[in-house]
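The values are calculated or read from the model by the stated rules, or taken from the named source; none is laboratory data. Model, not experiment: these values are computed from the prediction. A quick note on method: Cβ atoms are made from the backbone with ideal geometry, for glycine too, and the neighbour counts reach across all protein chains shown.
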Amino acid sequence: MSKPVPPPKPPTLEKEFAKYRAEYEKDHVTVCNKACHMVGVPMIAASVLVAPFKPGLGLRLFVTGWVFQLLGHFVFERNTPTLTRIQSPWVLISSLVFVLEEWERFLRSK
């Protein structure tokens, strides 16, 4: 009698994040798109924190942040935002990590 084959192990959080991070990075290679994201992503993140207290300001930050994002993708990168193709919290986390690393690179280059 043959032994049952155990089910495959689920991917670790680290491997799961690395997969989405690699996909995210493929969509963000031009300097201008990176610059748009360095402005747009923090605005969107700030909008989430501000909106409960100042809804008008939160909405303006959110919309303006997305204008920067879309400008970066459609004008400079000539692709669509990763989030429109992959709806996953990992993409959101990847965007925050990506922007933090881009700011770190920029600030260290001075």
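Quick rundown of the values:
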read-out: Hits in the range 1-50 (condition: acidic (Asp, Glu), over 18 Å from Leu70 (Cβ atoms) and surrounded by 10 or more Cβ atoms within 10 Å (Cβ to Cβ)); value: Glu16, Glu23, Glu25
read-out: Residues satisfying the stated conditions in the range 16-39, i.e. closer than 21 Å to Val75 by Cβ and part of a helix (DSSP H, G or I); value: Tyr24, Glu25, Lys26, Val31, Cys32, Asn33, Lys34, Ala35, Cys36, His37, Met38, Val39
read-out: Filtered residues of the range 67-88 (kept if of a type in the set (A, V, I, L, M), at pLDDT below 95 and assigned to a helix (DSSP H, G or I)); value: Leu83
read-out: Any chance Pro42 is out of contact with any Lys or Arg (no Cβ under 7 Å at 6 or more places or on another chain) and not in a helix (DSSP H, G or I); value: no
read-out: Check on Val91, within 24 Å of Glu104 (Cα to Cα), in contact with a Gly (Cβ under 8 Å, 6 or more places away or on another chain) and in a helix (DSSP H, G or I); value: no
read-out: Verdict on Gly58 being surrounded by 14 or more Cβ atoms within 10 Å (Cβ to Cβ), over 26 Å from Glu77 (Cα atoms) and in contact with a Ser or Thr (Cβ under 8 Å, 6 or more places away or on another chain); value: yes
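Each row is one residue, and each column tells you yes or no for (1) free of Cβ contacts under 8 Å to residues at least 12 places away in the same chain; (2) at negative phi.
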residue	(1), (2)
Pro6	yes, yes
Phe17	no, yes
Val29	no, yes
His37	no, yes
Gly40	no, yes
Ala46	no, yes
Leu71	no, yes
Arg78	yes, no
Ser88	no, yes
